[in-house]
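Worksheet: the structure to be examined is printed underneath.
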Amino acid sequence: MNTYHAHIGGRPFAAEAGAIMTTFAATNAATGAHLADIARCGAAEIDAAVAAARRALPAWKATTYETRSALLNRLADALEAQAPRLARIDAQDIGRRLAETLIDYQIAVAQYRYFAGAILTHEGHGRPIPDGYLIAKREPIGVVGQIIPWNVPAIMVALKVAPALAAGNTIVLKPDENASLSTLEFAAIAARIFPPGVVNVVPGFGEEAGAALTRHPGVAKLAFTGSAEVGRIIGHAGAERLVPVSLELGGKSPNIVFPDIEDIGAVVDNALFAAMYCNGQSCLAGTRLFVHDDIYRPFTEALAGAAARIRVGDPLAADTRLSCLVSERQGARVLDYIGLGKAEGARLLAGGERVRVPGCEAGCFVRPTIFEARNDMRIAQEEIFGPVLSVIRWRDHDAMLREANDVRYGLAAGIYTAGLENAMRTADALEAGSVWINHYFNLNSGSPFGGVKESGIGREHCHETLNLYSHVKSITVQNRVSAPQFVPPGQV
Ligand code: ADP
């Protein structure tokens, strides 16, 4: 039977002789088949991983940008070569369809290549001062503790690991307990490329390994992606030790349809893609669809028809368009929200029920579900993380914008209109980290990704991310020792 251990100091971590290693099971989300056992790590393994990362830090910090860039490119090549195998592991582990998890690896590989390039231009700045020079240089922060969720493991690892390594930090990463396998495989690949201790991966539960990592005194920065609730806990842990924290949290993103769209069918496809990709288990999902009154009927009829045609099935089948939720627990949560929507008086336009898929009896498959809702309903305010879309009818532009912004989150937004000025004015008015015009989810390497309000702090996926993983140090040089003065003449 396959047992995955933590990866610490470049190799699988064996518990001390005589210590009892507890494990937890990874199961196939669709079939329920046992996939592997995973070490259930806690404070001892986190301690060992932080120690390994600290030992590796001085030498890694001293590497040139060119060396880091070359190694990140090698990692990208290795992942690209293994993507079919790894994508299959993810599809089985989390129940997402294989076609999507393959795309995850394309995006992940692009991230490593992006930061391999970006680090070469991560420059500080400098300027002459009287009789000397000011240098502001970028330095790595140290050992970074990173905690990720289960929905898109390959992308989550890449968003965290690529900029942190590029900037010269060493890493202790905790994957999610629902999706650890591909990240532990990643650790073994990274161990063949990076010096021991530069990348350490410690699996386990949030309250155990996760909590131990966030409070460890050897960790100099925390980076987290997940729910706003846990984000708050991580923020407190960072505040306690005064270490910087970057957070990428939930979303309830508006997707806005104007009456001047030229092709209803194309926008319907985009709106469904925005809500159903990843089986709706994406923080970026466009889950509040604002449709203008003038086109409301034909639009919602086309939307409900297209949703009903989405083929729900086995994650590994080529013709599947929507597969199962990550776990029975997540499925129960989504079904509870569907019940809540009905109880709140939202009108069901499509779906709303669980589907049984032959051969995948353990999976929780939920039909693409569309409600006609009001923005103040809980189904339109809370992150459901499943294939559930709330359609909200609008007429007045200002009132619609107020509603679009009337939510605790601010991660993303979509706009569909033929009018450029209208699109730009609307984009300016939306409280969101990313706004997509006439498309959704389009994250090219280098486009900043992150949220405002309760969606988080900091931007990933872009050059600026290197600043999240580095400090600026200012060094001033005077050519010779002269009479002491606070500010040189002419400088005030
Ligand atoms: P989701 O709602 O997407 O499952 P969570 O916020 O619950 O996201 O979990 C995301 C990550 O945070 C997981 O790796 C989980 O183990 C970790 N986690 C959960 N609780 C804690 C905690 N108290 N301290 C540190 N990490 C935690």
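Couple of notes before you dig in:
- Among residues of segment 257-277 that are without any contact (Cβ under 8 Å) to a residue 40 or more places away in the chain, those with a Cβ under 9 angstrom from a residue that is exposed (fewer than 14 other Cβ atoms within 10 Å of the Cβ), sequence gap 6+ or separate chain, pair up as Pro259/Asp293; Pro259/Asp294; Ile264/Pro298; Val268/Gly305.
- Enumerated strands (runs of 3 or more DSSP E) restricted to segment 238-300, each holding at least 1 residues that are surrounded by fewer than 23 Cβ atoms within 10 Å (Cβ to Cβ) and away from the ligand (no atom under 16 Å from the Cβ): 288-292
- Residue check for Thr320: closer than 30 Å to Ala399 by Cα and either in a strand (DSSP E or B) or in the same structural domain as Ala271 (by TED's automatic domain parsing) (or both): no
- Exactly one residue out of Ala154, Ala164, Ala190 is under 18 Å from Thr214 (Cβ atoms) and either crowded, with 24+ Cβ neighbours inside 10 Å or polar (S, T, N, Q) (or both), and it is Ala164.
- Residue check, Glu123 closer than 21 Å to Ser470 by Cβ, more than 16 Å from the ligand (Cβ to nearest atom) and either touching a strand residue (DSSP E or B) at 6+ places or on another chain (Cβ under 7 Å) or not in a loop (DSSP other than H, G, I, E, B) (or both): no
- Any hit, segment 374-385, residues being within 16 Å of the ligand (Cβ to nearest atom) and at positive phi: yes
- For segment 157-206, a residue qualifies if it is part of a helix (DSSP H, G or I), among the β-branched types (Val, Ile, Thr) and more than 14 Å from the ligand (Cβ to nearest atom), and the qualifying residues are Val161, Ile189.
- Verdict on Asp314 being on the phi < 0 side of the Ramachandran plot, under 29 Å from the mean Cα position of the chain (by Cα), without any contact (Cβ under 8 Å) to a residue 24 or more places away in the chain and in the same structural domain as Gln381 (by TED's automatic domain parsing): no
- Test: residue in segment 300-311 that is under 18 Å from Cys360 (Cβ atoms) and either of a type in the set (D, E, K, R) or touching a residue at least 24 places away in the same chain (Cβ under 8 Å) (or both): yes
This table checks each residue for (1) in contact with an Asp or Glu (Cβ under 6 Å, 6 or more places away or on another chain); (2) among the aliphatic types (A, V, I, L, M); (3) within 16 Å of the ligand (Cβ to nearest atom); (4) outside any loop (DSSP other than H, G, I, E, B).
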| site | (1), (2), (3), (4) |
| --- | --- |
| Ala78 | no, yes, no, yes |
| Arg96 | no, no, yes, no |
| Ile103 | no, yes, no, yes |
| Gln111 | no, no, no, yes |
| Ala118 | no, yes, no, yes |
| Tyr133 | no, no, no, yes |
| Lys137 | no, no, no, yes |
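- For beta carbons closer than 8 Å, sequence separation of 6+ or different chains, a first residue in segment 208-236 that is more than 22 Å from Leu165 (Cβ to Cβ) and a second that is of a type in the set (Lys, Arg) and more than 8 Å from the ligand (Cβ to nearest atom), the qualifying pairs are Glu208/Arg40; Arg215/Arg241; Pro217/Arg241; Ala228/Arg408.
- Screening segment 25-37 for residues that are among the hydrophobic types (A, V, I, L, M, F, W, C) and surrounded by fewer than 16 Cβ atoms within 10 Å (Cβ to Cβ) and picking the one that is nearest to Glu361 (Cα to Cα) gives Ala33.
- Extreme residue, farthest from the ligand (Cβ to nearest atom), among residues of segment 207-232 that are surrounded by fewer than 17 Cβ atoms within 10 Å (Cβ to Cβ) and in a helix (DSSP H, G or I): Arg232
The values are calculated or read from the model by the stated rules, or taken from the named source; none is laboratory data. The structure presented is a predicted model; accordingly, all values stated were derived computationally and were not measured. Please note: Cβ atoms are built from the backbone with ideal geometry, for glycine as well, and neighbour counts cover all protein chains shown.
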